[in-house]
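What follows is a set of notes on a single structure, which appears directly below.
The values are calculated or read from the model by the stated rules, or taken from the named source; none is laboratory data. Note that the structure is a prediction, hence the values are computed from the model and not measured. Cβ placement follows ideal geometry from the backbone for every residue including glycine, while neighbour counts extend to all protein chains displayed. Side chains are part of the model used for accessible areas, which takes the heavy atoms of the whole protein and leaves out ligands, DNA and RNA. Shrake-Rupley method; radii C 1.70, N 1.55, O 1.52, S 1.80 Å.
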Amino acid sequence: MDSYDVAVVGGGNAALCAAIAAHEQGASVLVIERAPKGNRGGNSAFTGGAFRIAYRGIDDLLTLVPDLHPEEIKNSDFGTYTEDQFFEEVVAMSGYRADADVLDTVVTESLPAMQWLRTLGARFVPIYGRQSFKVDGKQKFWGGLTVEVSGGGLGLMAALYARAEQLGITFQYGSRANRMERCGDEWEIGVEGQDRSCSRVRAKTVILATGGYHANLLWRAQYLGPNWDLAKVRGSRYNTGDGIQLALDAGAAPHGNWTGCHSVFYDLNAPAYSDINLLNQQKNYFTLGIVVNAEGKRFVDEGLDFRNYTYSTMGSKVLAQPGALA
């Protein structure tokens, strides 16, 4: 039975960052990824790759985007995004349920984390295409978002996997962790392969980075409520709550908001699960007009705030309408 210092269960951004960080500290690392290699990357691969960070101005941003042309700097107003702004806006978006200690770490470490990602091969660029407008001759950014990863989430994951492979981190694809128990000074993890074969690995430390349960139809209906079994999955079809179940079975206490989630307006004709090659199924039009349900009635305040602060709650509002559509 193989043994490692660290086993990371999952294959998205959080998992790869954890694996690389552990390797940097001298640990031997195994990444157990349920998806086949061709579908690796978790939910991170399906995102647009925009990052919210605290920064004091152009000098901070130049540490992330050092190849900005002087004309870009001259013709852009990058503004600032303070730690206080970041903290307060995310707290508000969470309905004031966010863990303040965790959020404080996220905010204060946001710029250093991005600078570290850049050393791993991630390339950042200004979000000219979807987060800026020309005002008085200058591109002005809005909504707390200024930079994104070149190539979006898929580009980020390609960079992180390339770096991890270069470092010699071990990957086990098409492998679903289905059991975890303590054995002396180590954890023993049961792994089921795509061919139904079973194996075991041991690790001194296990990091569960398997995402949420959005691809688990039964859990959605159980925890999120009526009509959530009708929701389409914008993300990885492999995120079925495995890591959550492993943690609970090992004695962890449930925590967080199980009845809330990030949910957006989505194409009615989209497939049940996202296709990594079709990432334009999200609909962000609502700030440009009105939205009505099947009875022709409005049911949201389309202009309540910037789209950045409201879009992630819109999906739940649609599912509550007749026929779960709008």
Tell me which residues come under 5 Å, amide H to amide H, from Tyr266 once H is placed; ignore anything under 5 positions away on its chain.
Lys283
Segment 6-80: trypsin sites (Lys or Arg not before Pro) falling in loop per DSSP and having at most 14 other Cβ within 10 Å
Arg56
Roll a 1.4 angstrom probe over the protein heavy atoms and tell me the percent of accessible area of the chain that is carbon or sulfur.
51 percent
Relative packing of peptides 265-274, 137-146 - highest average C-beta neighbours within 10 Å first
137-146, 265-274
Spin-label point model (7 Å from Cα, Cβ direction): what's the Asn178 to Glu83 distance in nm?
4.6 nm
Have a look at Ala270, Gln245, Tyr223 and report the one farthest towards the positive end of the charge dipole of segment 221-326, computed about the Cα centre with Cβ charges (Lys/Arg +1, Asp/Glu -1).
Ala270
Nearest-0.05 FRET efficiency for Tyr128 and Asn277, computed from C-beta distance (R0 25 Å):
0.55
About its Cα centre, what dipole magnitude does segment 184-255 give when the only charges are +1 on Lys and Arg Cβ and -1 on Asp and Glu Cβ, stated in debye to the nearest 20?
340 debye
Compute, for Leu230, the solvent-accessible surface of its heavy atoms (probe 1.4 Å) with the complete set of protein chains present, and express it in square angstrom to the nearest 10.
100 Å²
Average silhouette area of segment 1-79, convex hull of alpha-carbon atoms, in square nanometres
7.9 nm²
Which entry in (i) 0.98; (ii) 1.26; (iii) 1.03 is this structure's computed Rg/Rh (Cα atoms, Kirkwood Rh)?
(i)
In whole Hz and in residue order, list the ³J(HN,Hα) couplings for segment 112-119 that follow from phi through the Karplus curve 6.51 cos²θ - 1.76 cosθ + 1.60, θ = phi - 60°; x for Gly and Pro.
x, 5, 5, 5, 5, 4, 5, 5
Quick one: compute the contact order of the chain, relative version, from alpha carbon pairs under 8 angstrom and 6+ residues apart, as a percent.
21 percent
Total charge dipole magnitude, segment 1-150, about the Cα centre, Cβ charges on Lys, Arg, Asp, Glu only, Debye to nearest 20
660 debye
Loop sites in segment 155-228: trypsin sites (Lys or Arg not before Pro), DSSP, at most 11 other Cβ within 10 Å
Arg196
Report for the chain the percent antiparallel among DSSP-assigned beta bridges with both residues inside it, nearest 5.
60 percent
Listed residue (Ile73, Ile58, Ala92) projecting farthest to the positive dipole end of segment 44-107, Cβ model
Ala92
